[in-house]
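Structure, as structure tokens:
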Amino acid sequence: MAEHMAEYYSGLSVDNTLTFQVALVIGFLAVIACAAGILFQMSKWGYGSAGYGKNGQGGSIGAFLKLFLSQTFSKEHEQGVLTTFVMDILLQRRILKRSVLRWVMHITIFWGWIMLFLFSMGIFVVELLSKAGIYHAEVHPLVENFPLIVTLNSVFGYVLLVGVLIAIARRLFIKEVRDGNTFYDTFLIWGLFVIVITGFISEGIRYAGTEYATALTDFWSLGISNTASPPAALFHVVISLLFCVAMIPFTKYIHIIATPLSILAKGGGE
């Protein structure tokens, strides 16, 4: 039963092994593309500013890491690395002091994205290990606590949705934001919106007509039968991997990585 629940959670049943294999291949390609892109960006960051790039130094991942670590742990910073990490990255206090609305937008997108990624990877690993026969899904803690995982997954899905809706509303109704908006910005935020919505729809279809169905899942299922669950899940998985993983190093979403690193290197603070 627990193993069935793990398969059912992903929308990929044992009768749709090809679907799982397709998602698996795309997943690995997306991760490889993301990792390669990040390493490429790090090699550029290795040049540092004009001053740091002198004397033939920089232009490599090693140079970047050396520069980053030396700046991050510099004794000139007024606060410690842990304080910077918690207050300026996890809680984003500097944005909060500038604008409460912007802080809510950033913090919900930040935590929604991160937690959904972690939950998705956790469940994916459970299914992968189960299919490989390494050990049975019913003894894995993620599956044993399946109701909690599903609940948290849905909660952070709505957290991310709140952040995306605020971002869209700011671009529609705040003149200074709207005037500075570009097609590129619009593409990224609406792309994220589509991913969040298709996630809820695929989850609704997955539970349609089953014992796990709720009023919310019935709403999101759009009246579509549970038999459409595998292709709906595959569509959501594919666009999520391409847009939220593979494209990160090559779009403005790189600031998810670059901004925390910059804050750490500068010592955060006020």
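A straight chain from Val22 to Leu129 at 0.36 nm per residue would run longer than the Cα-Cα distance by 36.9 nm. The phi-based Karplus calculation (6.51 cos²θ - 1.76 cosθ + 1.60; θ = phi - 60°) puts the 3J(HN,Hα) values of the range 254-261 at 4, 5, 4, 9, 5, 5, x, 5 Hz, whole numbers, x for Gly and Pro. Computed from backbone phi with θ = phi - 60° and the Karplus coefficients 6.51, -1.76 and 1.60, the 3J(HN,Hα) list for the range 25-38 is 5, 5, x, 5, 5, 5, 5, 5, 4, 5, 5, 5, x, 5 Hz; x is used for glycine and proline. Over every Cα atom in the range 205-250, the radius of gyration and the widest Cα-Cα span, Dmax, amount to 13.4, 42 Å.
You can think of it this way: the chain between Leu91 and Leu165 has 24.6 nm of extra reach, that is 0.36 nm per residue less the Cα-Cα gap.
Based on the mean of other beta carbon atoms within 10 Å per residue, what is the order of 165-175, 70-80, 255-265, most packed first? Could you put the intermediate results ahead of the total?
Numbers: 165-175: 14.3, 70-80: 12.1, 255-265: 16.5.
Highest to lowest by the protection proxy: 255-265, 165-175, 70-80.
So, R0 is 51 Å and r is the distance between the beta-carbons of Ser225 and Glu78; what FRET efficiency does that work out to, to 0.05? Efficiency, from the Cβ-Cβ distance: 0.30.
Here, each number is a calculation from the coordinates, and none is a lab measurement. Here the structure is a predicted model, which means the values were calculated and not measured. Glycine also receives a Cβ, built like all others from the backbone with ideal geometry; neighbour counts cover every protein chain displayed.
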